[in-house]
Amino acid sequence: MNAKQKAFWEQIATTMRDFDEHLMFASANEPPVDNAAQMAILGSYHQTFVNAVRSTGGRNSYRVLVVQGPSTDVDKTNDLMTTLPSDKVASRMMVEVHYYSPFQFCALEEDATWGKMFYYWGAGHHSTIEPDRNATWGEEDAVNATFAKMKAKFVDKGIPVLLGEYGAYRRNNSAHVPLDLATHNDAVDYWLTYITKQAKANGMLPFYWDTGGALDRKIYTVKDQRTIVAIKAGAN
């Protein structure tokens, strides 16, 4: 796998060597890791990536490189990512994590054996009409504690952190439309604003993951203005 990683990145980096600093490379996407032994293997993939990109020269000699945490999960990254790859260029590496929590609110599309979908999240955004769909975990205190881990482990040490994906998605066009739709939409807005704000407050750079509900990229229009407004409210 390291031989493949080396070959892939030598080809990618050589082809894109002359692109300017707006281009960054990331060595993996949501790599599944659950323990220290698997983390060591992922670390080897990251090191191969760094070495391969730097070897191609040009602007790749100093381009910003992104290494994803184990499963891009904040808690696993905090616990298992104890070292970063070595790099001959100082201050040109970022760590990436993703955040879709609680998943039952953000993206679960059907009730599961391990938990039901949440339609309502956060202080002031629970429903009295459909209380069995209120979030029971993963609310503001959990966000604060989780993001603080990335600040302490990386940001405070001068290592930038990308919140490379995050999002909560409305169920107003799904097979499971909330009975209290107004409260649901307000809760989604609130989650987006809160996550964006707390990411920035903890030194992370947030990138919303649009699955097609917010923007129509074919005709360059905004489909869900509320989502854009909520994200901007958190960013300001």
For this session: Run the accessible area of the chain with a 1.4 Å probe and give the carbon-and-sulfur part as a rounded percent.
Result: 56
Exercise. DSSP loop chymotrypsin sites (Phe, Trp or Tyr not before Pro) in region 57-157 with at most 10 other Cβ atoms within 10 Å of their Cβ, which ones?
Worked result: Trp114
For this session: Kindly report, to the nearest 10 Å², the accessible surface of Glu110 as traced by a 1.4 Å probe over protein heavy atoms only.
Result: 110
Exercise. With every protein chain present, what accessible area does Ser91 have (1.4 Å probe, heavy atoms only), rounded to the nearest 10 Å²?
Worked result: 110
Problem set entry | Helix axis angle, 2-15 relative to the chain longest principal axis, alpha carbon, degrees | 90
Problem set entry | With Cα atoms, 0 to 90° folded angle of helix 36-55 axis to the chain main axis | 60
Problem set entry | HN-Hα J in Hz across region 116-128 - Karplus 6.51, -1.76, 1.60, θ = phi - 60°, x for Gly and Pro | 9, 4, 9, 10, 9, 9, x, 4, x, 10, 8, 9, 8
Seminar exercise, completed: Nearest-0.05 FRET efficiency for Asn35 and Ile219 at R0 = 35 Å, using Cβ-Cβ distance, is 0.15
Exercise. In nanometres, what is the gap between the two model label sites at Asp87 and Ala233, each 7 Å from Cα along Cα-to-Cβ?
Worked result: 3.5
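Can you give the alpha-carbon Rg of the chain over 2.2 N^0.38 Å, where N counts its residues?
It is 1.11.
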For this session: Work out the P(r) tail for region 79-208: percent of alpha carbon pairs separated by more than 23 Å, whole number.
Result: 39
Problem set entry | Relative contact order computed over the chain (Cα-Cα under 8 Å; 6+ residues apart), in percent | 16
Problem set entry | Solvent-accessible heavy-atom area per residue, rounded to whole Å², over region 1-121 at 1.4 Å | 50
Problem set entry | Surface accessible to a 1.4 Å probe, per residue, for the residues of region 134-236, Å² | 51
Exercise. Out of the DSSP beta bridges found with both residues in the chain, what percent are antiparallel (nearest 5)?
Worked result: 15
For this session: On a 0 to 90° scale, report how tilted helix 181-201 is relative to the longest principal axis of the chain, with both axes built from alpha carbons and the result rounded to the nearest 10.
Result: 30
Exercise. How far is the Cα center of region 127-149 from the Cα center of region 1-17, in Å?
Worked result: 42
Exercise. For the charge dipole of region 152-197, defined by +1 on Lys and Arg C-beta atoms and -1 on Asp and Glu C-beta atoms about the Cα centroid, which residue among Tyr166, Pro178, Leu192 has the Cα displaced farthest towards the positive pole?
Worked result: Tyr166
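The values are calculated or read from the model by the stated rules, or taken from the named source; none is laboratory data. This is a predicted model, so every value here is computed, not measured. As a convention, Cβ positions derive from the backbone with ideal geometry for all residues, glycine included, and neighbour counts pool all protein chains shown. For the accessible areas, the whole protein counts, side chains as well, though only heavy atoms, and no ligand, DNA or RNA atoms are used. Shrake-Rupley method; radii C 1.70, N 1.55, O 1.52, S 1.80 Å.
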